[in-house]
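Engineer: Structure in C-alpha cells, see below.
The values are calculated or read from the model by the stated rules, or taken from the named source; none is laboratory data. Note that the structure is predicted; figures quoted are calculated from it, not measured. Here Cβ is always computed from backbone atoms with ideal geometry, including for glycine, and neighbour counts include all displayed protein chains.
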Amino acid sequence: MPELPEVETVRRALNRRVRGRVISSYEVGRPAFNRPIPARALRRLKGSRILAVDRRGKYLLLRLSRGWDLVCHLGMSGSVSFGSDDGHVRFRFTAGGMTVKIHDPRRFGRVTDALPPLGPEPLAQDFDAAVLARVLRGRRAPVKSVLLDQAALAGIGNIYATEALYAARIAPARPADEVTELETRRLCAAIKRILKRAIRLGGTTLSDEAFRDPDGRPGRFQLATAVYGRRRCPRGHLLAATRRPIAGRTSLYCPACQS
C-alpha cells in the first residue's frame, strides 16, 4: 500500500504538473472503485481550477477553486500516471490539456470529497515526542498497531513502522503504554528521519509491479531499509517475525536489538 512517502512523491509530481489548470473533463472507469464516487463531487468537478495539490496522511487532496477538495486514496495497489493506460484506470480527469489517471487493479482506492478522522501528521512542525506520547498513552495494543492506526497517527504503514521501531530499538509487540519517555523521543526522531529520507528517495518499490511515481520512476528506499525485506539487521543478527500478526501484518523485528 502506498504510505506517506509514496503519496508525498505523487503529490509533488502532481503539484508541479497540474496546479493552476482548469479541469475540463473527467471519466469514471467501468468498473470503478469498490466505493462509488459521490455524485456531488463529480457535479462540482468540471470547470474547477486546481489551486494546489496537498497531502494528509495517505490521502491526496486537490484544492479546487470552488471551495472544496477532491480527496484521493490509492488503496492497496493504486498509482497515478500521466502516461499510457494499464487496463485498470478507475478515474481520470483532464486539466489544461493534461490527463491524470488513477490506476487501481485491486479497486481498494477511493475518490471522494471528505477525509475520514485522522491522527496527527508525523511530518508537521508541531509533531514532537509530547504529541507521540499522547498518541501512545493508555493504549495496551502493540505499539506497532497504534502506529498503523490512521486515526491515531496519519500516514505510517507497515514498511515505515517496521523501520522506525527498529531504529528506536522497540519491539513491535510491546504494549504502547509501556514505551518509556526516552523510547518515545527516539521513536519520534526515527519516524521523522525515516519518512524524510524515504521521500528524498522517491518512496519504496518492492517489485516490478509495485509503486511508481506519476512519471513511471520507481522509488529507491528499498535499497536503504535496515530490516524490512532483509534476513539480518545491520548488526548481523537474524531477524524474526512476531508470533502473531499485528494489525493483520507480519511484523519483522530483531530480537537482539529490539526489546
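Engineer: Return the pair list, or none, for Cβ contacts closer than 6 Å from residues in segment 166-185 that are without any contact (Cβ under 8 Å) to a residue 24 or more places away in the chain to residues that are of a type in the set (K, R), at least 6 apart or on different chains.
Structural biologist: What qualifies is A168/R186.
Engineer: Out of contact with any Phe, Trp or Tyr (no Cβ under 6 Å at 6 or more places or on another chain), among the small types (G, A, S) and at pLDDT below 95, is that true of S24? Walk me through how you get there before you give the answer.
Structural biologist: Working: out of contact with any Phe, Trp or Tyr (no Cβ under 6 Å at 6 or more places or on another chain): yes; among the small types (G, A, S): yes; at pLDDT below 95: no.
It is false that S24 is out of contact with any Phe, Trp or Tyr (no Cβ under 6 Å at 6 or more places or on another chain), among the small types (G, A, S) and at pLDDT below 95.
Engineer: Let me ask something additional. Would you confirm whether any residue within segment 61-82 is surrounded by fewer than 17 Cβ atoms within 10 Å (Cβ to Cβ), at pLDDT 95 or above and closer than 30 Å to E181 by Cβ?
Structural biologist: The answer is no; no qualifying residue exists.
Engineer: Sticking with this structure for a sec: In this structure, does T242 turn out to be touching a helix residue (DSSP H, G or I) at 6+ places or on another chain (Cβ under 8 Å) and hydroxyl-bearing (S, T, Y)?
Structural biologist: Values: touching a helix residue (DSSP H, G or I) at 6+ places or on another chain (Cβ under 8 Å): no; hydroxyl-bearing (S, T, Y): yes.
No, not satisfied.
Engineer: Follow-up. Restricting attention to segment 6-55, and to residues there that are among the hydroxyl-bearing types (S, T, Y) and not in a helix (DSSP H, G or I), which single residue is farthest from G216 (Cα to Cα)?
Structural biologist: Within segment 6-55, the first condition is being among the hydroxyl-bearing types (S, T, Y), and the residues that meet it are 9, 24-26, 48.
Next, from what is left, pick out any that are not in a helix (DSSP H, G or I): 24-26, 48.
Details: S24: 24, S25: 23, Y26: 22, S48: 27 Å.
Of everything passing the filter in segment 6-55, S48 is farthest from G216 (Cα to Cα).
Engineer: Here's a follow-up. Take segment 83-115 and flag every residue that is at pLDDT 90 or above and charged (D, E, K, R). Reasoning before the result, please.
Structural biologist: Residues of segment 83-115 that are at pLDDT 90 or above, as a first pass: 88-115.
Passing the criteria: R90, R92, K101, D104, R106, R107, R110, D113.
Engineer: Which of the residues belonging to segment 27-53 are in contact with a helix residue (DSSP H, G or I) (Cβ under 7 Å, 6 or more places away or on another chain) and surrounded by fewer than 21 Cβ atoms within 10 Å (Cβ to Cβ)?
Structural biologist: Taking segment 27-53 and keeping what is in contact with a helix residue (DSSP H, G or I) (Cβ under 7 Å, 6 or more places away or on another chain), we get 50, 52-53.
Of everything in segment 27-53, just one residue is in contact with a helix residue (DSSP H, G or I) (Cβ under 7 Å, 6 or more places away or on another chain) and surrounded by fewer than 21 Cβ atoms within 10 Å (Cβ to Cβ), namely A52.
Engineer: Tell me which residues, restricted to segment 13-26, are surrounded by fewer than 17 Cβ atoms within 10 Å (Cβ to Cβ) and either within 18 Å of G109 (Cβ to Cβ) or free of Cβ contacts under 8 Å to residues at least 24 places away in the same chain (or both).
Structural biologist: Result: R16, single match.
Engineer: Tally the residues that are among the small types (G, A, S) and within 23 Å of the chain's Cα centre (by Cα), restricting the search to segment 42-64. Even if it seems obvious, please write down each step before you answer.
Structural biologist: Filtering segment 42-64 down to residues among the small types (G, A, S) leaves 47-48, 52, 57.
From what is left, the residues that are within 23 Å of the chain's Cα centre (by Cα) are 52, 57.
Qualifying residue count for the region: 2.
Engineer: Can you work out which of the residues in segment 101-153 that are polar (S, T, N, Q) and touching a residue at least 40 places away in the same chain (Cβ under 8 Å) is surrounded by the most Cβ atoms within 10 Å (Cβ to Cβ)?
Structural biologist: This residue is S145.
Engineer: Something else now. Evaluate segment 239-248: report whether one residue or more is within 18 Å of G155 (Cα to Cα) and buried (at least 16 other Cβ atoms within 10 Å of the Cβ).
Structural biologist: There is at least one residue in segment 239-248 that is within 18 Å of G155 (Cα to Cα) and buried (at least 16 other Cβ atoms within 10 Å of the Cβ).
Engineer: Being of a type in the set (A, V, I, L, M, F, W, C) and under 20 Å from E8 (Cβ atoms) is the filter here; which residues of segment 65-90 pass it? Walk me through how you get there before you give the answer.
Structural biologist: Residues of segment 65-90 that are of a type in the set (A, V, I, L, M, F, W, C), as a first pass: 68, 70-72, 74, 76, 80, 82, 89.
Scanning segment 65-90 gives L70, V71, C72, L74, M76, V80, F82.
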